[in-house]
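The values are calculated or read from the model by the stated rules, or taken from the named source; none is laboratory data. Quick caveat: nothing in here was measured; it's all calculated off a predicted structure. Glycine gets a Cβ as well: all are built from the backbone with ideal geometry, and neighbour counts include every protein chain shown.
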């Protein structure tokens, strides 16, 4: 899900803002186009994560540096309790640093299933770094109006066992090529999680999702977690030293 | 020779209230030592009995990567059963259990749990797993403990979603129905545990023929060679409770020490006072031909008899009380799982003959020693000075 942000950003970077015709493209081609554009050089973004609980909501502000789908570095800026916490993902390795304990912890195994900062997505959701077409075979189910806009509905089925979500469905806006809605299903077909773009913005001459809503669909009455992108910059110089363990303690 | 005990008894009883005060304090110490030790012994005995009956049977074989205290290793802690153990499994002498980490969503809330697959027809542990033969329509049959039911606000017949990951890492989820809620005194098989039929869980997790650990019947012997799986005997599996009680031993010993010191102090003071007040009597006894050592023996015996009276007094008031507590138990005002020890809702002390005998010997020894120490002064007394009421 989180990966979708960079995926879309890369697609926009490549200048694929022009409308595409569904009749001329197969599902694989639509996904391939998105996957191709996913490999953006880099991006730096500041975002807010609003975690809606039963009684109250928490807002966590962070700044992220992302290179392609392999490397990302996130530093939490607010609230004070979370400020200074950092997260480094390089390939399939995910490490976090907590200033309270001054320790770097590798997130693996059972911990990957834990919620990120109490939100509706897990560390595992952050770990996807393969292209969608490598992981899933795509099938175009048809077109639908989503919030009054034409979207392709694409069904993604895992190519081999072991994908966290064996089945996904994505609603891709025909004009913006943005995955406006995504549903993730369990092996048995139960809906587990969903992501929806609530607001888009125009930045650097491109459309970009501004507000996402992620939900764990198994939690009843869950209001989900909002991800609000406040600032984003593409093609910014990011030194390799940003993606080292030493950077976590810096 | 009979003169000394007769004199000692007469002098002791003649001291009246002073004697009975000392005897009462000694009796109290005697009672408290037996009662407290009985509580510890009862707790250990209860934990062992319940843990063996509901969880560990005659011992376990663990998959090489299985460690219940390390949840991060549980994803990989499963494998096919060692071939050497398969015949015993077929005979029902060994029970395979598969553990898969998962989450449950009772009333839409999320709770992390361990999904445990167990053969419904097993006879090895005292859990009502036969209810897992039930086949609720469109849902998995699950058995949970009353603690887990309280935590999840679940009742028999309630349905909730279970989510887990299969052996390859894919998420799966399905509805489950609580077919029974068991009252079990071992929180380790209750809190955070959801029991399912073994074959169902194997199918759900894509782990055919696999298990995380094996439990052997109590009438079987744990083999040193588990076919690559690690044998775990009672000493290992009950280490937690043994460590917890051992960690509490210094506190218990301090308590015993204080109680004994109180009793000993009273007797010691009584002896000192007695020797001072009875110096003319001591001088007379010596003048009549009693040797110094016999006089010392007389006073020591007088003191030591406190312990005999204390034992008799405890038998009168303490034994019925100990019996009452041992049969009715003491209610525990909090949930045992909160302190991480397997305990029942009531604690039943266990008193052994060794405990009674040992306590009598220790109390008698301490009382005799503190009775002898002040009496040594008599040996240095000059009979003529003593007759005049002087102490040299």
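One table, with the values for the structure above:
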quantity	calculated
Residue that is surrounded by the most Cβ atoms within 10 Å (Cβ to Cβ), among those in the stretch B:110-151 that are in contact (Cβ under 8 Å) with a residue 24 or more places away in the chain and within 14 Å of chain A (Cβ to nearest Cβ)	B:115
Residue that is farthest from the other protein chains (Cβ to nearest Cβ), among those in the stretch A:195-216 that are surrounded by 19 or more Cβ atoms within 10 Å (Cβ to Cβ) and out of contact with any helix residue (DSSP H, G or I) (no Cβ under 9 Å at 6 or more places or on another chain)	A:196
Helices (runs of 4 or more DSSP H) contained in the stretch B:279-392 and holding at least 3 residues without any contact (Cβ under 8 Å) to a residue 24 or more places away in the chain and in the same structural domain as residue B:262 (by TED's automatic domain parsing)	B:292-328, B:353-375
Test: residue in the stretch A:172-185 that is over 24 Å from residue A:227 (Cα atoms), within 14 Å of another protein chain (Cβ to nearest Cβ) and within 20 Å of the chain's Cα centre (by Cα)	no
Unique residue being out of contact with any helix residue (DSSP H, G or I) (no Cβ under 6 Å at 6 or more places or on another chain), free of Cβ contacts under 8 Å to residues at least 60 places away in the same chain and not assigned by TED's automatic domain parsing to the domain that holds residue B:29 when the list is B:224, B:247	B:224
Filter result (surrounded by fewer than 19 Cβ atoms within 10 Å (Cβ to Cβ) and either within 14 Å of chain A (Cβ to nearest Cβ) or closer than 14 Å to residue B:212 by Cα (or both)) within the stretch B:76-88	B:76, B:79, B:80, B:82
Residue selected from the stretch B:167-188 under the condition closer than 13 Å to residue B:115 by Cβ and crowded, with 19+ Cβ neighbours inside 10 Å, by the criterion farthest from the other protein chains (Cβ to nearest Cβ)	B:176
Leading residue by the ranking (surrounded by the most Cβ atoms within 10 Å (Cβ to Cβ)) among those in the stretch B:51-72 that are out of contact with any helix residue (DSSP H, G or I) (no Cβ under 7 Å at 6 or more places or on another chain) and within 14 Å of chain A (Cβ to nearest Cβ)	B:66
Any hit, the stretch A:71-92, residues being on the phi > 0 side of the Ramachandran plot, away from every other protein chain (no Cβ under 13 Å), surrounded by 13 or more Cβ atoms within 10 Å (Cβ to Cβ) and assigned to a loop (DSSP other than H, G, I, E, B)	yes
Selected residue (criterion: nearest to the other protein chains (Cβ to nearest Cβ)) from residues of the stretch A:134-160 that are more than 12 Å from residue A:31 (Cα to Cα) and in contact with a helix residue (DSSP H, G or I) (Cβ under 7 Å, 6 or more places away or on another chain)	A:158
Residue A:163 being surrounded by 18 or more Cβ atoms within 10 Å (Cβ to Cβ) and at the interface with chain B (Cβ under 10 Å from one of its Cβ atoms)	yes
Spans of helices (runs of 4 or more DSSP H) in the stretch B:1-98 with at least 1 residues within 31 Å of the chain's Cα centre (by Cα) and over 22 Å from residue B:233 (Cα atoms)	B:17-51
The stretch A:27-64 - residue that is within 16 Å of the chain's Cα centre (by Cα) and part of a loop (DSSP other than H, G, I, E, B) and, of those, modelled with the lowest pLDDT	A:39
Scope the stretch A:217-243; condition out of contact with any helix residue (DSSP H, G or I) (no Cβ under 9 Å at 6 or more places or on another chain) and either within 14 Å of chain B (Cβ to nearest Cβ) or crowded, with 16+ Cβ neighbours inside 10 Å (or both); matching residues	A:217, A:223, A:224, A:225, A:226, A:228, A:238, A:242, A:243
Residue within the stretch B:200-211 that is touching a helix residue (DSSP H, G or I) at 6+ places or on another chain (Cβ under 6 Å) and crowded, with 22+ Cβ neighbours inside 10 Å present	no
Filtered residues of the stretch B:269-278 (kept if closer than 14 Å to residue B:7 by Cβ and in a helix (DSSP H, G or I))	B:274
